[in-house]
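The values are calculated or read from the model by the stated rules, or taken from the named source; none is laboratory data. Being a predicted model, the structure only gives us computed values, none of them experimental. Positions of Cβ are backbone-derived with ideal geometry, glycine not excepted, and every protein chain shown enters the neighbour counts. SASA here: full protein model, heavy atoms, side chains in, ligands and nucleic acids out. Shrake-Rupley method; radii C 1.70, N 1.55, O 1.52, S 1.80 Å.
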Amino acid sequence: MKIKVEETPLYIKVNPKDNVAIVVNTWGLEPGAVFPCGLELIERVPQGHKVALTDIKENDAIIRYGEVIGYAAAFIRKGSWVDESLVKLPSSPDLKELSIASQVPESMPPLEGFTFQGYRNKDGSAGIKNILGITTSVQCVTGVLDFAVKKIKEEILPKYPNVDDVVAINHSYGCGVAINAPLAEIPIRTITNLAKHPNFGDEALVIGLGCEKLSPMRIAPDREERDILSLQDQSGFMSMVQSIMEMAEERLIKLNRRKRETCPVSDLVIGLQCGGSDAFSGVTANPAVGYAADLLVRAGATVLFSEVTEVRDAIHLLTPRAVNEEVGKALIREMEWYDQYLLRGEVDRSANPSPGNKKGGLANVVEKSLGSIAKSGSSPISGVLSPGERADKKGLIFAATPASDFVCGTLQLASGIHLQVFTTGRGTPYGLAMAPVIKVATRNALAEKWEDLIDINAGSIATGEKSIEEAGWEIFHFILDVASGHKKTWTEQWGLKNDLALFNPAPIT
Ligand code: CA
């Protein structure tokens, strides 16, 4: 399925200072291929991999995005393939030497006139889905709850067509854990905030066992006794199932009466993530998502970007954008915390990227990070959240999470995202039960191969058929259509739902 425009050898050079560029052509290029600028390849270079634009001496800087992504492990001839073995990893930016709030971007003009159709919640927030959430205080109840949810979906939910879904918040926490360890606050606040998710319409139920360490009242302090069921109080299995079903139906009746109403874009909380990244992520999908993020911020929304290990090596480009000293210091605090966390586990940041990332042309975590932060667009960074904290500000927020797709997804849900925009180059079918996931492809070939999984193709930015701005607007409009229930993502259409994955850095007993 080669498209005509790809027959010409093409590369993408991001910044005038760069001495490497990535090959665009889907099948890579053979030695002898000549680019329009006259550069001739002296060996084969796969798609997304780097070609040397000049001779690079041993130990000289290899520059992409105008930044040093590494140092040459040997002499690299102009026109040759700069594969990962030739790129020596530079050290991370020193957290003590960072400039804070020194280049705060000027606020762009507000974007007026955009709204979505959402469900107004009692606490003033809005939801984009009308879901009955059933949360759990301990993993012990999962089997019973799953049995009950299956019956609810088959026997009761069809009577309430205005309710989108019934979702069990199953997790691996609650007992057999050092619940008073200082770091236990992360999984506990994650579970607590998941139960308060805006897509649940403030009707969440809580199922507990009765003898667990994490009490239902601790994770749902605002719930009344009638919202909580302890399985040890029930007489046998069928009584447990029956009780859950009855409590669910009471709430389904209420949820079914809700109607969508016009809500301002400022009610939206949008999460950004990348997974299965490749060398195109940073030049196609991520900048397009960054453009959409700027539009959302201009329209008053809250936008979260995350993935500490993928911003750590580009942190010197982020702290200057912090809106003030306090936000800049909070960014550095989250980086320091993660450095220590990795150190305790006796690994370093080279544990990221994955083998697939490397196959896609990413030499190391520095190159990956420079591409990853393009998702954050160009707005000032107005706040920082520790893992699992609920977003309480508008604008662009850094929500500290691991880069792991499922863990980042779970933590962003706890922070209250209505939906997640997910860029991918290698491809992943990842989805979430509580919120739609919009997939944005970095390459034409992936969008064509996975046409029933990819919602938006940003790959055509690489071939010049679409601009970053056009793709950004496309993503922005699609977000509002999905939020309004006018369009469905592929993950919603197929019902693709990954398990929640808690971030628990505390001991298990
Ligand atoms: Ca990720």
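Tell me yes or no: at least one residue of region 313-320 is of a type in the set (A, V, I, L, M, F, W, C), assigned by TED's automatic domain parsing to the domain that holds Ser376 and within 16 Å of the ligand (Cβ to nearest atom). Break it down into steps so the answer makes sense when it comes.
So in region 313-320, the residues of a type in the set (A, V, I, L, M, F, W, C) come out as 314-315, 317-318.
Restricting the remaining residues to those that are assigned by TED's automatic domain parsing to the domain that holds Ser376 gives 314-315, 317-318.
Now narrow it down to the ones that are within 16 Å of the ligand (Cβ to nearest atom): 314.
Yes: region 313-320 contains one or more residues that are of a type in the set (A, V, I, L, M, F, W, C), assigned by TED's automatic domain parsing to the domain that holds Ser376 and within 16 Å of the ligand (Cβ to nearest atom).
Could you tell me whether Lys394 is of a type outside the set (A, V, I, L, M, F, W, C), within 16 Å of Ser277 (Cα to Cα) and either at pLDDT 95 or above or more than 16 Å from the ligand (Cβ to nearest atom) (or both)? Steps first, answer last, please.
Values: of a type outside the set (A, V, I, L, M, F, W, C): yes; within 16 Å of Ser277 (Cα to Cα): no; either at pLDDT 95 or above or more than 16 Å from the ligand (Cβ to nearest atom) (or both): yes.
Judged against the criteria, Lys394 is not a match.
So the check is Cβ under 6 Å with 6+ separation or different chains; which pairs have a first residue in region 88-117 that's under 30 Å from Ala363 (Cβ atoms) and a second one that's part of a loop (DSSP other than H, G, I, E, B)?
That search, which allows pairs on different chains as well, returns Lys88/Ala73; Leu89/Asn364; Pro105/Ser378; Pro105/Pro380.
Taking Gly276 as meeting all but one of (1) within 16 Å of the ligand (Cβ to nearest atom); (2) surrounded by 24 or more Cβ atoms within 10 Å (Cβ to Cβ), write down the number of the exception.
(2)
What about Ala374, is it open to solvent by 10 Å² or more (accessible area, probe 1.4 Å) and more than 16 Å from the ligand (Cβ to nearest atom)? Reasoning before the result, please.
On the way: open to solvent by 10 Å² or more (accessible area, probe 1.4 Å): yes; more than 16 Å from the ligand (Cβ to nearest atom): no.
So Ala374 does not fit the description; no.
Just checking, does region 33-41 include any residue being under 26 Å from Leu446 (Cβ atoms) and not in a loop (DSSP other than H, G, I, E, B)?
Filtering region 33-41 down to residues under 26 Å from Leu446 (Cβ atoms) leaves 33, 35-36, 41.
Still in the running and not in a loop (DSSP other than H, G, I, E, B): none.
Looking for residues that are under 26 Å from Leu446 (Cβ atoms) and not in a loop (DSSP other than H, G, I, E, B), one finds none in region 33-41, hence no.
Considering only residues that are part of a strand (DSSP E or B), open to solvent by less than 50 Å² (accessible area, probe 1.4 Å) and under 13 Å from Ala301 (Cα atoms), which ones fall in region 112-129?
Phe116, Ala126, listed by residue number.
Identify all residues within region 65-106 that are surrounded by 15 or more Cβ atoms within 10 Å (Cβ to Cβ) and in contact with a His (Cβ under 8 Å, 6 or more places away or on another chain); write none if there are none.
Of everything in region 65-106, those that are surrounded by 15 or more Cβ atoms within 10 Å (Cβ to Cβ) and in contact with a His (Cβ under 8 Å, 6 or more places away or on another chain) turn out to be Trp81, Val82, Asp83, Pro93, Leu98.
Of (1) crowded, with 22+ Cβ neighbours inside 10 Å; (2) of a type in the set (Val, Ile, Thr); (3) not assigned by TED's automatic domain parsing to the domain that holds Val138, Ile207 satisfies all except one. Which?
(3)
If you go through region 449-463 one residue at a time, do you hit one that is more than 18 Å from Gly427 (Cα to Cα) and either surrounded by fewer than 21 Cβ atoms within 10 Å (Cβ to Cβ) or under 19 Å from the mean Cα position of the chain (by Cα) (or both)? Give the steps one after another, and end with the answer.
Within region 449-463, the first condition is being more than 18 Å from Gly427 (Cα to Cα), and the residues that meet it are 463.
From the residues that got through so far, the ones that are either surrounded by fewer than 21 Cβ atoms within 10 Å (Cβ to Cβ) or under 19 Å from the mean Cα position of the chain (by Cα) (or both) too are 463.
Yes.
When region 210-248 is examined, which residues are found to be assigned to a helix (DSSP H, G or I) and either under 21 Å from Ala435 (Cβ atoms) or assigned by TED's automatic domain parsing to the domain that holds Ser484 (or both)? Working first, answer last.
Step one: list which residues in region 210-248 are assigned to a helix (DSSP H, G or I), which gives 216-219, 225-227, 231-233, 237-248.
The answer is Ile219, Ala248.
Please return the ranges of helices (runs of 4 or more DSSP H) entirely within region 290-371 where 3 or more residues are open to solvent by less than 10 Å² (accessible area, probe 1.4 Å).
It comes to 325-344.
Going by the structure shown, is Val323 touching a residue at least 40 places away in the same chain (Cβ under 8 Å) and over 19 Å from Cys408 (Cβ atoms)?
On the way: touching a residue at least 40 places away in the same chain (Cβ under 8 Å): yes; over 19 Å from Cys408 (Cβ atoms): yes.
In short, yes.
Take Leu145 and decide whether it is in a helix (DSSP H, G or I), touching a residue at least 24 places away in the same chain (Cβ under 8 Å) and open to solvent by 10 Å² or more (accessible area, probe 1.4 Å).
On the way: in a helix (DSSP H, G or I): yes; touching a residue at least 24 places away in the same chain (Cβ under 8 Å): yes; open to solvent by 10 Å² or more (accessible area, probe 1.4 Å): no.
The answer is no for Leu145.
Checking Val269 against (1) more than 20 Å from the chain's Cα centre (by Cα); (2) open to solvent by 10 Å² or more (accessible area, probe 1.4 Å), which test does it fail?
With (1) more than 20 Å from the chain's Cα centre (by Cα); (2) open to solvent by 10 Å² or more (accessible area, probe 1.4 Å) applied to Val269, the lone miss is (1).
Suppose we keep only residues that are under 21 Å from Ile188 (Cα atoms) and among the aliphatic types (A, V, I, L, M) within region 219-243. Which one would you say is most open to solvent (accessible area, probe 1.4 Å)? First the steps, then the outcome.
First, pick out the residues of region 219-243 that are under 21 Å from Ile188 (Cα atoms): 219-225, 227-231.
The next check asks that each one be among the aliphatic types (A, V, I, L, M); those that pass are 219-220, 228-229, 231.
Details: Ile219: 2, Ala220: 4, Ile228: 35, Leu229: 14, Leu231: 7 Å².
Filtering region 219-243 for residues that are under 21 Å from Ile188 (Cα atoms) and among the aliphatic types (A, V, I, L, M), the one most open to solvent (accessible area, probe 1.4 Å) comes out as Ile228.
From the list Ala441, Ala414, pick out the single residue that is touching a residue at least 12 places away in the same chain (Cβ under 8 Å), out of contact with any strand residue (DSSP E or B) (no Cβ under 7 Å at 6 or more places or on another chain) and over 13 Å from Phe305 (Cα atoms). It would help to see each step written out before you state the result.
On the way: Ala441 fails: out of contact with any strand residue (DSSP E or B) (no Cβ under 7 Å at 6 or more places or on another chain).
Being touching a residue at least 12 places away in the same chain (Cβ under 8 Å), out of contact with any strand residue (DSSP E or B) (no Cβ under 7 Å at 6 or more places or on another chain) and over 13 Å from Phe305 (Cα atoms) holds for just one of Ala441, Ala414, which is Ala414.
Quick check, is Leu132 at pLDDT 95 or above, surrounded by 13 or more Cβ atoms within 10 Å (Cβ to Cβ) and not in a strand (DSSP E or B)? Full working, then the answer.
Details: at pLDDT 95 or above: yes; surrounded by 13 or more Cβ atoms within 10 Å (Cβ to Cβ): yes; not in a strand (DSSP E or B): no.
Against the criterion (at pLDDT 95 or above, surrounded by 13 or more Cβ atoms within 10 Å (Cβ to Cβ) and not in a strand (DSSP E or B)), Leu132 does not qualify.
Being part of a loop (DSSP other than H, G, I, E, B) and either crowded, with 19+ Cβ neighbours inside 10 Å or not assigned by TED's automatic domain parsing to the domain that holds Gly300 (or both) narrows it down to one residue among Pro109, Pro187, Pro158; which is it? Walk me through it before giving the result.
On the way: Pro187 fails: part of a loop (DSSP other than H, G, I, E, B); Pro158 fails: part of a loop (DSSP other than H, G, I, E, B).
Result of the check over Pro109, Pro187, Pro158: Pro109.
Going by the conditions given, is Asp339 under 18 Å from the mean Cα position of the chain (by Cα), at negative phi, acidic (Asp, Glu) and away from the ligand (no atom under 16 Å from the Cβ)? Talk me through it step by step, then tell me what you get.
Numbers: under 18 Å from the mean Cα position of the chain (by Cα): no; at negative phi: yes; acidic (Asp, Glu): yes; away from the ligand (no atom under 16 Å from the Cβ): yes.
No, not satisfied.
Have a look at Ala471, Ala447, Ala403 and point out the one that is touching a helix residue (DSSP H, G or I) at 6+ places or on another chain (Cβ under 9 Å) and within 16 Å of the ligand (Cβ to nearest atom). Give the derivation first.
Details: Ala471 fails: within 16 Å of the ligand (Cβ to nearest atom); Ala447 fails: within 16 Å of the ligand (Cβ to nearest atom).
Selected residue: Ala403, the only one of Ala471, Ala447, Ala403 that is touching a helix residue (DSSP H, G or I) at 6+ places or on another chain (Cβ under 9 Å) and within 16 Å of the ligand (Cβ to nearest atom).
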